[in-house]
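Enquirer: Please see the structure below; I have some questions.
The values are calculated or read from the model by the stated rules, or taken from the named source; none is laboratory data. Just so you know, these numbers come straight off a predicted model, no measurement behind them. Methodologically, a virtual Cβ is constructed for each residue, glycine included, from the backbone with ideal geometry; neighbour enumeration extends over all protein chains shown.
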Amino acid sequence: MNDEYLKCKEAADYIAERCDCSDAIGLILGTGLGEVGDEIEDPVIIDYSDIPHFPTPTVHSHKGKLICGRLFDKKVLCMQGRSHFYEGHDMKTVVRPVRVMKLLGVKAEIMTNAAGGCNTTYHPGTIMFIEDFINFMGDNPLRGPNIDEFGPRFPDMTLAIDREYTQLGKKAAEDLGIDVKSGVYMGFRGPSFETPGEIRFAQTIGADAVGMSFVPEIITARHCGLRTIGISCITNMAAGISGNELTVEEVNETVEKVGEDFKKLIKEIIRRM
């Protein structure tokens, strides 16, 4: 049996001994967006570092805690933070948590991230539902021997992002009075921010936002047959658009400002799923 599958199963077995995640809604919460996890009821909290073979984030704003519990009487399995390709992990390690969720019986996921806006109609604080994505990371998490237990050798990406759940999310935002956009997310390798030239390229090929995560996970989720919603918080305008130097501090400040709306939206989506 494939070694990576065995690592995923060992991690899943460890978690399953501590909480029942079957039919849960999975949450992968990006930079500064982990507060939703603090509102989960009857939580079972597990440090990533305690889970066999589970990658531990090195980025300060990613708490590295797995929380199993309930919201609106729905079972949820929440990742407060993720590991990134730029941290030095290989792709199979980055996406291992998605495969672990599949083995635990998670049926649908909400993935969030902080992103830079290259659509000039956006502004810092814009919330964008991801409708499509571009893999510009120079690698693919499915490269190498296929793990048949998870999915087919050549999975189609046309419906990688679930259209029904995305529409549900947009309606939730409308009912809450939260203005949202829809767009294409382009994944870069990082960790340096993109250059102005790269952003012009991204705009030319149709990207509305850029970031350093999400793409490996959504490819893997599709391979595993998980229905997925993707949501970006536009934390800054991308390089060359505002003329300002990009900083992590700006990213964190913007996330803090829109955090309450973002939290309300995620919770309402869960309530309606």
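Enquirer: Determine whether region 161-183 contains at least one residue that is in contact with a helix residue (DSSP H, G or I) (Cβ under 6 Å, 6 or more places away or on another chain), in contact (Cβ under 8 Å) with a residue 24 or more places away in the chain, surrounded by 14 or more Cβ atoms within 10 Å (Cβ to Cβ) and closer than 19 Å to Gly240 by Cα.
Expert: Checked region 161-183: no residue is in contact with a helix residue (DSSP H, G or I) (Cβ under 6 Å, 6 or more places away or on another chain), in contact (Cβ under 8 Å) with a residue 24 or more places away in the chain, surrounded by 14 or more Cβ atoms within 10 Å (Cβ to Cβ) and closer than 19 Å to Gly240 by Cα.
Enquirer: Being free of Cβ contacts under 8 Å to residues at least 12 places away in the same chain and either loosely packed, with under 13 Cβ neighbours inside 10 Å or of a type outside the set (A, V, I, L, M, F, W, C) (or both) narrows it down to one residue among Thr120, Thr158; which is it?
Expert: Residue meeting the stated conditions: Thr158.
Enquirer: Now for a separate question. If you check Glu198, Glu174, which single one turns out to be out of contact with any strand residue (DSSP E or B) (no Cβ under 6 Å at 6 or more places or on another chain), closer than 28 Å to Lys92 by Cβ, assigned to a helix (DSSP H, G or I) and at pLDDT 95 or above?
Expert: Only one candidate passes the filter, namely Glu198.
Enquirer: Okay, moving on. Only residues that are among the acidic types (Asp, Glu) and under 21 Å from the mean Cα position of the chain (by Cα): list them for region 5-50, please.
Expert: Hits for region 5-50 are Asp23, Glu35, Asp38, Glu39, Asp47.
Enquirer: Also, I was wondering about something else. Has region 106-115 got at least one residue that is touching a residue at least 12 places away in the same chain (Cβ under 8 Å), surrounded by fewer than 18 Cβ atoms within 10 Å (Cβ to Cβ) and either out of contact with any helix residue (DSSP H, G or I) (no Cβ under 8 Å at 6 or more places or on another chain) or more than 26 Å from Cys21 (Cα to Cα) (or both)?
Expert: yes
Enquirer: Which one of these is of a type outside the set (Ser, Thr, Tyr), in contact with a strand residue (DSSP E or B) (Cβ under 9 Å, 6 or more places away or on another chain) and surrounded by fewer than 23 Cβ atoms within 10 Å (Cβ to Cβ): Ile28, Ile51?
Expert: Testing whether each residue is of a type outside the set (Ser, Thr, Tyr), in contact with a strand residue (DSSP E or B) (Cβ under 9 Å, 6 or more places away or on another chain) and surrounded by fewer than 23 Cβ atoms within 10 Å (Cβ to Cβ) leaves just Ile51.
Enquirer: Inspect region 106-113 for any residue being acidic (Asp, Glu) and in a loop (DSSP other than H, G, I, E, B) and give the result as yes or no.
Expert: no
Enquirer: OK, next. Does any residue of region 224-234 turn out to be at pLDDT 95 or above, loosely packed, with under 14 Cβ neighbours inside 10 Å and either in a loop (DSSP other than H, G, I, E, B) or among the basic types (Lys, Arg) (or both)?
Expert: Looking through region 224-234, at least one residue is at pLDDT 95 or above, loosely packed, with under 14 Cβ neighbours inside 10 Å and either in a loop (DSSP other than H, G, I, E, B) or among the basic types (Lys, Arg) (or both).
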